[in-house]
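*Asks:* Sharing a structure, written as structure tokens. Questions coming.
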Amino acid sequence: MDAVVEALLRKKLEKLKETLLSYRKVIVAYSGGVDSSFLLKYCVDSLGKDQTTAVTAVSPTYTRKELQTAQKIAHGLGVSHKIINTSEVDDPNFKANPENRCYYCKSELFSRLQSLAKKEKAGFVLDGTNADDLKDYRPGSLAKNELGVKSPLAEVNLSKEEIRAASKELGLKTWDAPQMSCLASRFAYGQEIRLEDLSRIEKAENYIRSLGFKMVRLRHYRLADETLLARLEVDKKDIKKVTSCQLPVASYLKKLGYNYITLDLEGYRSGSMNIGITGGKI
């Protein structure tokens, strides 16, 4: 790392520690991903285990593999880890999948976390939003702001790349983990989020990862005649590789109910379903 870049990162990390110390006692919205794992580690190191509680929300939009990862990391940090069940999939507003779908999910989640914070006398609820996230369309941010949730990583302007570098230095295994997001993000806006489709997507992505692909997104489309189309996104460097697995992938996805299977030649892009909402900036 360049000396100037490293010095800037150190300054941001010092500011992060100062910010966390000012919170005294916190609840961390914890998914087990790169950002929330780094935030949780920093909270534990700065505030101590007794002043930090990790809370993971479980629903059909959250994969079992992610839950297992979150539990393992939290256990390794020795921090209190609570698991709550959320019911966004039962909310008609969420199920209808409008462009502000995430608002309804985050409203429930952060309301639950704020209630828990009051019960445990924690001053703040924190989430792992980073500086790069602010560049994408994030309707859940409105719920976060309404409910007074803090995003210290974004507040000190830490980018995803910086968080990965700092995570590696701290010995966190998540430092090079692929970017994750809830399974609802795989649906085209305006198409109903159905439980059977969430399960279908999770099985499809797990299978493709089992073939050696680290980053996988299956974008799900239910067409007018109820036929299903899958648009696969993998890392650009893996596009040629996935074509060598064409037959087993196609066969598996057909068994899951997909009628049409396509490969996105642009590769994985975070927020690719937001084209048109963000002006095409991904």
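Each reported figure results from applying straightforward, stated rules to the coordinates on display, with no laboratory input. In this text, all values refer to a predicted model and were calculated from it rather than measured experimentally. All Cβ positions, glycine included, derive from the backbone under ideal geometry; neighbour counts span all protein chains shown.
*Asks:* Using the basic label-point model (7 angstrom from Cα toward the beta carbon), what is the ASN145 to LEU195 distance in nanometres?
*Replies:* Label at ASN145, label at LEU195, 3.5 nm between them.
*Asks:* Can I ask one more? Of all DSSP beta bridges located in the chain, what percent are antiparallel, nearest 5?
*Replies:* 25
*Asks:* Let me ask something additional. Based on alpha-carbon centroids, what's the gap between region 103-133 and region 1-68 in Å, whole number please?
*Replies:* With region 103-133 and region 1-68 each reduced to a Cα centre, they are spaced 13 Å.
*Asks:* A further question follows. Below 20 Å, Cα to Cα, which aspartates and glutamates can LYS11 reach? Residues fewer than 8 away in the same chain don't count.
*Replies:* Reachable aspartates and glutamates: ASP2, ASP35, ASP45, ASP132, GLU155, GLU161, GLU162, GLU169.
*Asks:* Given the Cα-Cα distance of LYS173 and GLU266 and 0.36 nm per residue of separation, how much length would full extension add, in nm? Display every interim value, and only then the final one.
*Replies:* Details: separation 93, 0.36 × 93 = 33.48 nm, distance 2.81 nm.
Extending this stretch completely gives an extra 30.7 nm.
*Asks:* Also, quick follow-up: What's log10 of I(q)/I(0) for region 183-274 at q = 0.14, 0.17, 0.18 Å⁻¹, Debye sum over Cα points only, no solvent?
*Replies:* -0.45, -0.67, -0.75
*Asks:* Antiparallel versus total DSSP beta bridges in region 183-274: what percent is that, nearest 5?
*Replies:* For region 183-274, the DSSP antiparallel bridge percentage is about 60.
*Asks:* While we're looking at this one, here's another question. Would you list ASP264, ASP50 from fewest to most Cβ contacts within 10 Å?
*Replies:* Exposure proxy ranking, most exposed first: ASP50, ASP264.
*Asks:* Now for a different question. If the cut-off is 18 Å between C-alpha atoms, which lysines fall inside it for LYS241, apart from same-chain ones fewer than 8 positions away?
*Replies:* Here the lysines satisfying the reach criterion relative to LYS241 are LYS214.
*Asks:* Would you compute the Debye intensity of the chain from its alpha-carbon atoms alone, equal scatterers and no solvent, and pass along log10 I(q)/I(0) at q = 0.09, 0.10, 0.11, 0.13 Å⁻¹ to two decimals?
*Replies:* For the chain at q = 0.09, 0.10, 0.11, 0.13 Å⁻¹, log10 I(q)/I(0) is -0.44, -0.55, -0.66, -0.93.
*Asks:* Note down the nm distance, to one decimal, between modelled labels 7 Å out along Cα→Cβ at LEU247 and at SER210.
*Replies:* Once both label points are built, they end up 1.9 nm from each other.
*Asks:* Enumerate the calculated ³J(HN,Hα) couplings along region 185-201 in order (Karplus 6.51 cos²θ - 1.76 cosθ + 1.60, θ = phi - 60°), each rounded to whole Hz, writing x wherever the residue is Gly or Pro.
*Replies:* Each residue's phi maps through the Karplus curve to give 5, 7, 8, 5, 4, x, 9, 4, 8, 10, 4, 5, 6, 4, 5, 4, 5 Hz.
*Asks:* Subtract the Cα-Cα distance of GLN71 and ILE84 from 0.36 nm times their separation in residues, and report this length gain in nm to one decimal.
*Replies:* Roughly 3.4 nm would be gained on extension.
*Asks:* List the pairs from LYS41/LYS240; LYS150/LYS237; LYS119/LYS144; LYS15/LYS168 whose alpha-carbon separation is above 27 Å, in the order I gave them.
*Replies:* With Cα atoms farther than 27 Å apart: LYS41/LYS240; LYS150/LYS237.
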